[in-house]
Structure formats: structure tokens, C-alpha cells
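Heads up: the structure comes next, in C-alpha cells.
Bear in mind that the values in this text are calculations on the coordinates, not laboratory data. The model shown is predicted, which means the values in this text are computed figures rather than measured ones. A quick note on method: Cβ atoms are made from the backbone with ideal geometry, for glycine too, and the neighbour counts reach across all protein chains shown.
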Amino acid sequence: MAITAYRVFTMSSMASLDSLVSAAIADGWQPYVSPVLSPQGLSQAVIQGTPDGGGGGQVVDLTSDDITDATAIGKSVIKAADAAAARLAIGAGTGNGTSNLKIGATAADAKAGNYSPSTKEVGDALKAKAQLMAIAALAPDATLEQTVTGFNALLAALKA
């Protein structure tokens with residue numbers, strides 16, 4: 001807001017100041033900062049202003065299309081009327097409350113909620129963890145050969 005008018009009200013009591021400021025608010029004034037206690041009494045600054053910035057220009061309606069650094073997807077999310085429309089905009093649903101997320105076995109698919117890793121998968125993960133811990137435990141003065149051997153063992157465990 002651009003400030004177009006400024007006044008300071010000073011009264012001897014808080015009740016009087018409260019009454020005066022409340023009347024000013026009803027007339028379009030706004031309190032500015034906190035009341036101050038001075039030798040003259042309690043003082044409160046109030047201001048008036050213009051909501052458009054006071055530059056005398058016209059009020060401009062902005063839309064999501066005016067955002068120059070937003071992607072089309074981002075603008076679609078801004079325009080979304082509800083959560084289902086927002087999910088549709090980002091490709092997380094069909095718009096009717098269901099998701100188009102594919103459950104499957106490929107790298108691009110999600111695992112089912114009832115998925116349970118096989119004994120082999122768990123064993124491989126534990127073996128890889130052990131190899132990683134072995135590399136981490138190498139002394140700072142380990143030889144290059146010891147480090148390479150440990151790293152190769154880790155790679156083999158990860159590939160298994």
C-alpha cells in the first residue's frame with residue numbers, strides 16, 4: 001500500500017486512545033506500528049493509502065499465463081480447480097480420483113504394496129552391505145591393491 005495520509009493520535013488513557021483509533025479504522029485509517037507511551041500520553045500513528053500502490057495507474061488482473069518462468073504443467077496446477085485436477089496436471093492421476101501409476105516389475109514401475117523381497121534378494125543386499133562395510137573399514141594407509149580388491153568384491157556383490 002502506498003501511504004497517502006498520516007496522523008498521530010495522543011490520548012491520556014488507553015480507553016480513550018482505543019476509542020479514537022477504532023473510529024479512525026471505521027473511516028479507513030490503519031494503525032501504523034505499535035502505540036507509544038510518551039510524556040504527553042499514549043500515542044498511535046495511523047495511515048491511509050491506496051491499495052494499488054498509489055502510482056495512479058490502473059489495477060491489472062494477473063493470470064497464470066502472465067508468469068513467464070512457469071512451465072505449462074505449473075500453470076495447469078495453478079489453474080486446477082481441485083486436487084484431482086492437480087494430480088491430472090502432473091500425471092499422477094486420471095482426474096477421477098484414481099492413479100495412472102503402473103504396478104509391475106520393470107524399472108519404471110512401482111512395486112506392489114504387498115511386495116516381499118526374495119531370500120536371494122535379501123542375501124545379495126546383505127552381502128553387498130558387508131562388502132561395503134569392508135571397504136569402509138580399510139585403514140587409511142591401505143595399499144592401492146587392497147582398496148581395488150575390496151572395491152571389486154563390492155561390485156561383484158552388487159552385480160550378483
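Arranged from fewest to most other beta-carbon atoms within 10 Å of their beta carbon, Tyr115, Tyr6, Tyr32 become Tyr115, Tyr6, Tyr32. Once the Cβ-Cβ distance of Leu20 and Leu62 is raised to the sixth power relative to R0 = 25 Å, the FRET efficiency obtained is 0.05. The ellipsoid equivalent to the alpha-carbon distribution of region 119-159 has semi-axes of 22, 10, 4 angstrom, derived from the gyration tensor eigenvalues as √(5λ) and listed largest first.
About the centre of its Cα atoms, region 119-159 shows a dipole size close to 200 debye [charges on the beta carbon of Lys, Arg (+1) and Asp, Glu (-1) only; nearest 20 debye]. Note on Ala80 and Lys111: with the Förster distance fixed at 30 Å, the Cβ-Cβ geometry gives a FRET efficiency of about 0.55. Note on region 2-50: along the principal axes its Cα atoms extend 32, 18, 13 Å, ordered by decreasing extent.
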